[in-house]
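The values are calculated or read from the model by the stated rules, or taken from the named source; none is laboratory data. Quantities reported herein were computed from a predicted structural model and do not represent experimental measurements. Cβ coordinates were reconstructed from backbone atoms using ideal geometry, including for glycine residues, and neighbour counts include every protein chain displayed.
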Amino acid sequence: MTAAAVRPFEEDDLPGAASALVEVHRSDGYPVEGVEDPRAWVRSDGVVAAWVAEAEGRIVGHVAVMRPQGEDAVSIWIEQSGDDLSGIAVLARLFVVQFARKYALGRTLTEAAMAYGRDHGLRLVLDVMSKDTAAIRLYERLGWRKIGETAHTFGSGQTITALCYVAPA
């Protein structure tokens with residue numbers, strides 16, 4: 001295996017992906033909701049397709065394409081575009097552990113999800129917390145366009161600004 005690679009998620013990847021998620025939460029505070037059950041968060045019911053990143057012999061990243069589940073980015077995009085819900089999916093659960101970011105795996109994972117969206121006739125949208133500036137830079141470099149802002153509520157009534165994006169056509 002090369003130093004780093006991205007491939008489709010397999011069920012055997014769940015423990016490694018969950019472990020990487022816990023590591024990312026410790027270093028970056030992502031996801032803001034916490035990781036009480038990291039396996040369930042990685043493998044939630046809404047996942048349509050997912051990929052993992054491997055580096056140095058372990059799972060170090062993940063991304064998913066998910067069915068819409070009431071995200072503000074979805075409703076904002078529908079309002080702006082007139083697109084039908086059936087043609088929209090959400091890029092979600094993107095994370096890469098700190099030591100592996102030198103391999104540009106966030107970009108490769110995002111590009112895999114974008115290719116899936118194009119191949120399946122889905123327009124991808126996402127929301128990203130305003131604090132996650134590296135992720136925002138990545139999406140913008142890949143041509144994602146900001147379509148709005150919202151307040152993301154989590155925990156015991158805490159809120160943080162989230163930016164909503166749509167993938168390039």
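In segment 34-49, the qualifying residues are those that are of a type in the set (D, E, K, R) and exposed (fewer than 13 other Cβ atoms within 10 Å of the Cβ), and the one that is farthest from residue 8 (Cα to Cα) is 36. Can you pull out every residue in segment 131-144 that is surrounded by fewer than 13 Cβ atoms within 10 Å (Cβ to Cβ) and not in a helix (DSSP H, G or I)? Selection gives 143 alone. A count restricted to segment 78-128 and to residues that are surrounded by fewer than 17 Cβ atoms within 10 Å (Cβ to Cβ) and on the phi > 0 side of the Ramachandran plot stands at 3. Contact annotation: residue pairs with Cβ atoms under 6 Å, 6 or more positions apart or on different chains, pairing a residue in segment 80-105 that is more than 15 Å from residue 64 (Cβ to Cβ) with a partner that is assigned to a helix (DSSP H, G or I), are 97/20; 97/23; 97/24; 98/27. Filtering segment 90-140 to residues that are modelled with pLDDT of 95 or more, farther than 22 Å from residue 72 by Cα and of a type in the set (Lys, Arg) leaves only 107. Starting from segment 22-35, keep only residues that are touching a residue at least 12 places away in the same chain (Cβ under 8 Å) and more than 17 Å from residue 160 (Cα to Cα), then list their pairs with residues that are surrounded by fewer than 18 Cβ atoms within 10 Å (Cβ to Cβ) and among the aliphatic types (A, V, I, L, M) whose Cβ atoms are within a distance under 9 Å, requiring at least 6 positions of separation or different chains. Correct list of pairs: 35/22. Taking the criterion of being among the charged types (D, E, K, R) and in contact with a His (Cβ under 7 Å, 6 or more places away or on another chain), no residue of segment 1-33 qualifies.
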